[in-house]
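Trainee: Dumping the structure here so I can ask a few things about it.
The values are calculated or read from the model by the stated rules, or taken from the named source; none is laboratory data. Only a predicted model underlies this, so the values are computations on that prediction, with no experimental measurement involved. Heads up, the Cβs are rebuilt from the backbone with ideal geometry, glycines too, and the neighbour counts pull from every protein chain shown. These area figures cover heavy atoms from the full protein model, side chains too; ligands, DNA and RNA do not enter into them. Shrake-Rupley method; radii C 1.70, N 1.55, O 1.52, S 1.80 Å.
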Amino acid sequence: MKFQVKRIFLGETYTIGKLSYFDGSKWVYFCDTLEDKVRDLNKDGDLNDVGETKVYGETAIPYGKYSMIVSYSPKFQRDLPLLLNVNGFEYIRIHSGNTALDSHGCILLGFNKEKGKVLDSKKTLENFMKLISDSGDKTHEIEII
């Protein structure tokens, strides 16, 4: 299954995006996302350029396409989506949370009904996991644009 996160607001401490999936003919909006601050300023998929220093626990992953699988997370004690081969990052998951303090580089799902937050995150994550499960696919692709 193909997913896309379109970053629409790049703030000083957080990033808001829109998660969509491809249904075979068009992109369908699913929910909002919340990430840490974007530091991949030139959108080239790395943090190697001037002004693009990674700050541990406060940096969104670089722009790009990533393979995604569902695997067990020891931290969360459950199966969650894991993004693979993220340049300069490890253990990037899609999970629930409400603010950038919950992110540590991961992508949080919910609805951006309050400034700097996503709400209804746990339910949104459960719906996302059902969407992935119902697809029958073992691997997925997610593009951050």
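Trainee: Normalised by the number of residues in segment 1-66, what is the relative contact order in percent for Cα pairs under 8 Å and 6+ residues apart?
Mentor: Reported relative contact order: 25 percent.
Trainee: Given contacts defined as C-alpha pairs under 8 Å and at least six residues apart, what's the relative contact order of segment 95-145, whole-number percent?
Mentor: Normalised by residue count, the contact order of segment 95-145 is 28 percent.
Trainee: Pop out the ³J(HN,Hα) list for segment 17-28 in order, Karplus 6.51 cos²θ - 1.76 cosθ + 1.60 with θ = phi - 60°, rounded to Hz; leave Gly and Pro as x.
Mentor: 3J(HN,Hα) across segment 17-28, in whole Hz: x, 10, 9, 10, 10, 8, 8, x, 9, 7, 7, 10.
Trainee: First select every other residue whose beta carbon is under 13 angstrom from the beta carbon of Tyr14; then total the charges, Lys and Arg +1, Asp and Glu -1.
Mentor: -2
Trainee: With a sphere of radius 15 Å drawn around the Cβ of Ser71, what net charge do the other residues whose Cβ falls strictly inside it have (Lys, Arg +1; Asp, Glu -1)?
Mentor: With Lys, Arg at +1 and Asp, Glu at -1, the neighbours total +1.
Trainee: Rounded, prolate or oblate, given the Cα gyration tensor of the chain, with a/c below 1.5 counting as rounded?
Mentor: It is rounded, given that a/c, with a ≥ b ≥ c, falls under 1.5.
Trainee: Rounded to the nearest percent, how much of the accessible area of the chain (1.4 Å probe, protein heavy atoms only) is carbon and sulfur?
Mentor: 51 percent
Trainee: Which percent, to the nearest 5, of DSSP beta bridges fully inside segment 1-107 are antiparallel?
Mentor: The answer is about 90 percent antiparallel.
Trainee: Taking the Cα centre of the chain as origin, work out the dipole magnitude from +1 charges on Lys and Arg Cβ and -1 charges on Asp and Glu Cβ, in debye rounded to 20.
Mentor: I would put it at about 360 debye.
Trainee: So what's the angle, to the nearest 10 degrees on a 0 to 90 scale, between helix 121-135 and the longest Cα principal axis of the chain?
Mentor: Roughly 60 degrees between the two axes.
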